[in-house]
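Asks: One structure is given below, represented as structure tokens, and several questions about it will come after.
A short reminder: the numbers here are calculations on the coordinates, not readings from a lab. Being a predicted model, the structure only gives us computed values, none of them experimental. A quick note on method: Cβ atoms are made from the backbone with ideal geometry, for glycine too, and the neighbour counts reach across all protein chains shown.
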Amino acid sequence: MRRLPLLVLTLLLTLLLAACGGSEERDTSPEDVQGETPTTETQPEDDGNGEDDGGGGEGDAEAGAALFEEQGCGSCHVLADAGSTGTTGPNLDEAQPSYDAAFQQIQNGGGGMPAYDGLGEDAIADLAAYVSERAGG
């Protein structure tokens with residue numbers, strides 16, 4: 001009697017392994033790729049004026065200032081330029097985040113801050129430019 005359940009279990013395991021394809025690796029990459037792979041620049045382009053853009057990246061800091069207010073960022077963050085005195089999130093004047101750090105934090109959230117990836121990359125770039133250019137000022 002004991003052999004029957006063991007035989008059934010062995011048979012089921014054998015069938016499961018066969019259905020999963022065993023340990024054979026499969027290549028799931030496309031065989032015919034057309035077009036170019038998009039690239040992401042992490043450094044702002046030199047605008048030729050010989051000045052440091054202050055880590056502002058590709059965003060528009062003026063548009064970012066309006067978004068900072070519209071999105072209610074000041075309710076959590078201190079940023080003197082915005083006249084905000086929030087106490088929930090980090091003091092941006094003290095943190096002085098780089099453009100890349102601000103962009104990543106706004107897009108992905110973390111540490112209690114929600115992700116704002118729904119704003120779109122242009123708006124996030126504008127906010128990141130505003131915060132990185134004006135923090136500590």
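Asks: For the stretch 83-106, name all the residues that are small (G, A, S) and either assigned to a helix (DSSP H, G or I) or free of Cβ contacts under 8 Å to residues at least 24 places away in the same chain (or both).
Replies: Correct list: G83, S84, G86, A95, A101, A102.
Asks: Taking the conditions exactly as written (surrounded by 19 or more Cβ atoms within 10 Å (Cβ to Cβ), among the hydrophobic types (A, V, I, L, M, F, W, C) and under 13 Å from the mean Cα position of the chain (by Cα)), does A102 satisfy them or not?
Replies: yes
Asks: On to the next question. For the stretch 60-76, which residues satisfy the criterion of being in contact with a Phe, Trp or Tyr (Cβ under 9 Å, 6 or more places away or on another chain) and more than 11 Å from L127 (Cβ to Cβ)?
Replies: Matches in the stretch 60-76: E62, G74.
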